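The values are calculated or read from the model by the stated rules, or taken from the named source; none is laboratory data. The structure presented is a predicted model; accordingly, all values stated were derived computationally and were not measured. Counting neighbours? That spans all protein chains shown, and the Cβs are built from the backbone with ideal geometry, glycine included. Accessible surface is based on the protein model in full, side chains and every heavy atom, while ligands, DNA and RNA are left aside. Shrake-Rupley method; radii C 1.70, N 1.55, O 1.52, S 1.80 Å.
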Number of protein chains: 4
Amino acid sequence: MADKQLKYIKIFATGGTFDKEFNEINGELYFKETNLFKLLELGRSQMDVKIETLMMIDSLKMTETERSYILGKCKKEKTNRIIITHGTDTMVETAKIVAQEIKNKVIIFTGAMIPIKFGSSDGLFNLGSALSFVQVLGPGVYITMNGQYFYWNNVQKNKKLGIFEKINK
Amino acid sequence: MADKQLKYIKIFATGGTFDKEFNEINGELYFKETNLFKLLELGRSQMDVKIETLMMIDSLKMTETERSYILGKCKKEKTNRIIITHGTDTMVETAKIVAQEIKNKVIIFTGAMIPIKFGSSDGLFNLGSALSFVQVLGPGVYITMNGQYFYWNNVQKNKKLGIFEKINK
Amino acid sequence: MADKQLKYIKIFATGGTFDKEFNEINGELYFKETNLFKLLELGRSQMDVKIETLMMIDSLKMTETERSYILGKCKKEKTNRIIITHGTDTMVETAKIVAQEIKNKVIIFTGAMIPIKFGSSDGLFNLGSALSFVQVLGPGVYITMNGQYFYWNNVQKNKKLGIFEKINK
Amino acid sequence: MADKQLKYIKIFATGGTFDKEFNEINGELYFKETNLFKLLELGRSQMDVKIETLMMIDSLKMTETERSYILGKCKKEKTNRIIITHGTDTMVETAKIVAQEIKNKVIIFTGAMIPIKFGSSDGLFNLGSALSFVQVLGPGVYITMNGQYFYWNNVQKNKKLGIFEKINK
C-alpha cells in the first residue's frame, strides 16, 4: 500500500480574523503580515508548503474583484492541493465562486474566530486540521472549521453561535 | 455524495510531553490532568469527542503492562475512530502492538515535542491534525506528527532532529 | 530599620485596553470581567490586595460622571494605598480630578497599551510595577506606565508613539 | 519638587528558573540566552536599562566562585541601581555576600518560579516590580518576589510553599 505522492501544498492568505492584530496606537484591529509562517514553525510542520499572501482584508469588505482574483490564483496554481485562509463571514461566498469553476483540485477554506495574536486562538488548531484534510480528501472545495469539514454546497456560518454547520443535516 | 456517518471520536490520554507541566516547588516536569479538554475548547471543536485518561506517564517509562492496557482499551472501545496522545519516544512501539491485533479501526497516535503549558507548543496543531486525519483515513494504525501521517510499519522517530520520518522513503 | 506597616492595597478597575476582550461573534473589542484576579495569581502576588470593579469602560467614553465616581470611591476608601486601572487615553484627566481633592493617599493610575487577553500585553508588567511603586512612593497622585512613574501634573500621553512622557523634562 | 535624576539601571542576568527553556530533543530544561530583552520590550519599558549576562546557571549549582564574580561585577558597576535575575533557591546566599561589601547602591535580586517560556510565568510581573522598586528604594540589598520587597537580612525562601517571607514578622 503506497503512501500518496504529494506535490507541495499551497496556502493562500487573504486575511480575516485569522491574521488581525491589535494596533496599540489607535486601539483598533488591523492587518500587518500573515502569521502563517510562524504558525507552521510552531506546529513543527514538516510538510512541503508554500505560502503566498493575496490580500489582507476583512471578508465583509470583499467584492467580486477580490473573489475573482482568488479564483484566478487557484486556477493558475500548479499544485492540486490548496488551502485558503479567509475571513469566516463570507467564506462560503468565495467557496461557491471557486467551486463553480474548479473541479480537479482539493481546495480548503479555513480561518479563525479569534485572532492568532490573542493567546486563546483556534487558528493553530484549524491550520493543523486544514493541512491534514487537504492531504486526504478527494478533489472538491471544502470549508474546514471547528475540527469538521463541509462540502462547499452544504455549509453555512451560524452567525449567532459563531460556528459552521451543515445546511442539510 | 454523502457525508460520512460518524460515531463519536474517542481520545485516550496516556501522557507524554503533550501533558507535562512545570512544578514550581521542585523545578521538575510532572503530570497533573490532561489538557485535552481545554485544547478542544481552544480549537472550538464541534466534533463529538469523548476523552478518557488511561495514564499520565513519560513513554520512556512504559512497559509491556502499560502497552497491553492501551491495546485492551482500544479493543473494547465501541467507536472505530480513536486517537491516542502518547509520549513521542516510544510511540512507534505502542503503535506496533496495537496494529498487530486491531485491523478494523482507525487508530491515530499523536503527541507533542513541547508541553502544551509552554506558550510555543505544537500540541494544539497536532490535535487539530489528528482529529482531521481520524475522520478520513481508512482503517489502520497511524502516527500523525509534524502535519504528516505515517503508517505504523513505516515510521521512526529521528531523535537527533526531534521529528518523525518514513523508514522507506 | 523597620519594614513599613502596610494596610491592604486597593485596586479599582475601570476598564480601558487593560481589560478589553475580543468578541468572536461580532469581531469587536468589548468588556467582560476584569482580569486583575488572574493577573495577581499569575504574578504569584503575596500582597494583601482587594479588587473592586467600578466600571468597565473605554476612557474616551468617560464623562464627568464617571470621574466623579472614581474620585468619590478614592475619598471613601479606608486604605491610603490605591491603584486604579484605567484607559490610557484620558488617564491624565482623571488623575487631575483626583489630585485636586486628595492629598494624603498614594494613588497610582496604570493601564495597558495591549489587552491582557493578547499574548504580548504590557499589562502584567505594569501591574507588577504599580504594585511596587504604591508601596514606596509618598502620598500623591501618580501615573505609572512603561516602567516609569510620573507626577499627575507633569505627564502627558504621546498619542503618536503610544507612550507616556514628562511635560517638563 | 524635582523628579530624581537617574543614571541607567543595570540588569545582570545569572539564570535561574527565570531563563530556563524546554529542550525538545532530550526533554530537559536548559539555558539559551536571557529573555530580558524581550521582556522589557513586552513591558514597553521606556527606562534606560543595560543588560549583561554574567552566567546562565541553576542557583543550586552556584559556588563561591560564581557569587564572588557577581559581587565583583556589582562593585565595578558605575550606576548605583542594579537588578540581578537569579535562581530563587540560593538567592538569599548571594544577597548576603553582596550586602556585606556594598552599602551605597540599590541592589535588587529577583527571579521567577515558572520559566518565562511557559505561558503562565510570574517573570514579567517580577521584572516590572523590580524595575520599580530599584527606582524608589534607598541604598541597600533587597529581594523582590511575589510583589513584595525584603531586606537581605530578613528573608528566606519557604521551599514548601514556593514563596519568600520575612524571617522576623
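Taking (1) hydroxyl-bearing (S, T, Y); (2) in contact with a Lys or Arg (Cβ under 7 Å, 6 or more places away or on another chain); (3) not in a helix (DSSP H, G or I) in turn, B:T144 satisfies each apart from (2).
Contact map, region D:37-52: residues that are within 26 Å of D:Y69 (Cβ to Cβ) paired with residues that are in a helix (DSSP H, G or I) and open to solvent by 90 Å² or more (accessible area, probe 1.4 Å), Cβ distance under 8 Å, separation 6+ or inter-chain. Pairs shown: D:I51/D:F37.
Annotation: C:L71 fulfils all but one of (1) open to solvent by less than 50 Å² (accessible area, probe 1.4 Å); (2) over 27 Å from A:S120 (Cβ atoms); (3) within 10 Å of another protein chain (Cβ to nearest Cβ); the unmet one is (3).
Here C:Y151 fulfils each of the conditions (1) modelled with pLDDT under 95; (2) under 20 Å from C:K10 (Cα atoms) apart from (1). Residues in region C:62-109 that are small (G, A, S) and part of a loop (DSSP other than H, G, I, E, B): C:G87 alone. The residues listed here are D:I97, D:I114, D:I108; of these, the one that is away from chain C (no Cβ under 14 Å) and either of a type in the set (V, I, T) or open to solvent by 10 Å² or more (accessible area, probe 1.4 Å) (or both) is D:I97. Filtered by the rule that a residue be at pLDDT below 95, in a loop (DSSP other than H, G, I, E, B) and acidic (D, E), region A:6-59 gives a lone residue, A:E24.
Restricting region B:151-160 to residues that are more than 8 Å from every other protein chain (Cβ to nearest Cβ) and open to solvent by 10 Å² or more (accessible area, probe 1.4 Å), which is nearest to B:K75 (Cα to Cα)?
Top of the filtered list is B:W152.
Touching a helix residue (DSSP H, G or I) at 6+ places or on another chain (Cβ under 7 Å), open to solvent by less than 30 Å² (accessible area, probe 1.4 Å) and not hydrophobic (A, V, I, L, M, F, W, C): does that describe B:T90? Yes, satisfied. So which residues in region D:117-129 are modelled with pLDDT of 95 or more and within 8 Å of another protein chain (Cβ to nearest Cβ)? Residues satisfying the conditions are D:D122, D:L124, D:F125, D:N126, D:L127, D:G128, D:S129.
If you go through region B:23-65, how many residues are more than 14 Å from chain A (Cβ to nearest Cβ), in contact with a Ser or Thr (Cβ under 8 Å, 6 or more places away or on another chain), within 29 Å of D:A112 (Cα to Cα) and open to solvent by 40 Å² or more (accessible area, probe 1.4 Å)? Selection size over region B:23-65: 3. Look at region A:91-108: where a residue is free of Cβ contacts under 8 Å to residues at least 60 places away in the same chain and over 16 Å from A:T144 (Cβ atoms) and a partner is part of a helix (DSSP H, G or I) and not hydrophobic (A, V, I, L, M, F, W, C), sitting 6+ places away or on another chain with Cβ atoms under 6 Å, you get A:I97/A:R67. Checked against (1) under 13 Å from the mean Cα position of the chain (by Cα); (2) more than 9 Å from every other protein chain (Cβ to nearest Cβ), D:K78 passes all but a single condition, namely (1).
Could you list all residues from region C:147-169 that are part of a strand (DSSP E or B), among the polar types (S, T, N, Q) and either touching a helix residue (DSSP H, G or I) at 6+ places or on another chain (Cβ under 9 Å) or under 14 Å from C:I82 (Cβ atoms) (or both)? Once the filter is applied, which keeps residues that are part of a strand (DSSP E or B), among the polar types (S, T, N, Q) and either touching a helix residue (DSSP H, G or I) at 6+ places or on another chain (Cβ under 9 Å) or under 14 Å from C:I82 (Cβ atoms) (or both), region C:147-169 yields C:Q148, C:Q156.
Out of curiosity, is C:S132 without any contact (Cβ under 8 Å) to a residue 12 or more places away in the chain, crowded, with 24+ Cβ neighbours inside 10 Å and either more than 8 Å from chain D (Cβ to nearest Cβ) or in contact with a helix residue (DSSP H, G or I) (Cβ under 9 Å, 6 or more places away or on another chain) (or both)? Taking the combined requirement at face value, the residue satisfies it.
In this structure, is B:I83 touching a residue at least 24 places away in the same chain (Cβ under 8 Å), hydrophobic (A, V, I, L, M, F, W, C) and open to solvent by 10 Å² or more (accessible area, probe 1.4 Å)?
Answer is no for this residue.
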